[in-house]
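Note sheet for the following structure.
The values are calculated or read from the model by the stated rules, or taken from the named source; none is laboratory data. These numbers were taken from a predicted model, which means no experiment stands behind them. Don't worry about glycine lacking a Cβ; one is built from the backbone with ideal geometry, like all the others, and counts go over all protein chains shown. Ligands, DNA and RNA are excluded from the accessible area calculation, which covers all protein heavy atoms including side chains. Shrake-Rupley method; radii C 1.70, N 1.55, O 1.52, S 1.80 Å.
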Amino acid sequence: MTRKPKQLSIGMFDRRLVLEYADRTADGAGGFTTTWLAIGDLWAFVETRSGSETLDTGGVKSRLVHDITVRSRTDIVPSRRFREGSRVFEIQTVQPVGPSRARLLCRCEERNL
């Protein structure tokens with residue numbers, strides 16, 4: 001994920017995403033149930049990097065990799081995800097961008113499209 005950061009103007013942050021975290025609750029049988037809860041909305045620049053499809057016993061599995069740039073926040077970590085309507089972007093890595101570190105570059109996966 002070490003590529004030269006693109007110069008982004010504020011107008012390029014045109015996608016409104018919801019940052020979510022996993023809330024795990026014991027199910028009484030030794031496991032847990034995961035519910036995703038919203039932390040807040042943010043504006044982002046989304047750039048698709050690559051995609052692939054594989055054939056599995058359950059059918060075709062799709063995967064897209066996106067670079068999502070947002071304003072810097074301390075609560076954006078790889079255990080969380082972004083949502084845009086029914087689309088889910090699982091955060092894989094987070095990297096500060098630029099000398100002031102005012103933005104974060106998040107490599108995200110979107111699966112089973």
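Here are the numbers for the structure shown:
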item	result
Debye equation applied to the C-alpha atoms of the chain, log10 I(q)/I(0) at 0.20 Å⁻¹	-1.10
Neighbour cut-off at most 11 other Cβ (10 Å), DSSP loop, trypsin sites (Lys or Arg not before Pro), segment 1-72	3
Accessible surface of the chain, 1.4 Å probe, proportion on carbon and sulfur as whole %	49
Dipole axis of the chain (+1 Lys, Arg; -1 Asp, Glu on Cβ), positive-most option in 112, 72, 98	98
Within segment 83-105, backbone nitrogen closer than 15 Å to the virtual label 7 Å beyond the Cα of residue 22 toward Cβ	89-93
Length released on extending from residue 63 to residue 79, taking residue separation times 0.36 nm less the Cα-Cα span	3.9 nm
Whole-Å distance, taken between Cα centres, linking segment 48-77 and segment 9-25	14
Per residue value of the accessible surface for the chain (all protein chains in place, 1.4 Å probe), Å²	64
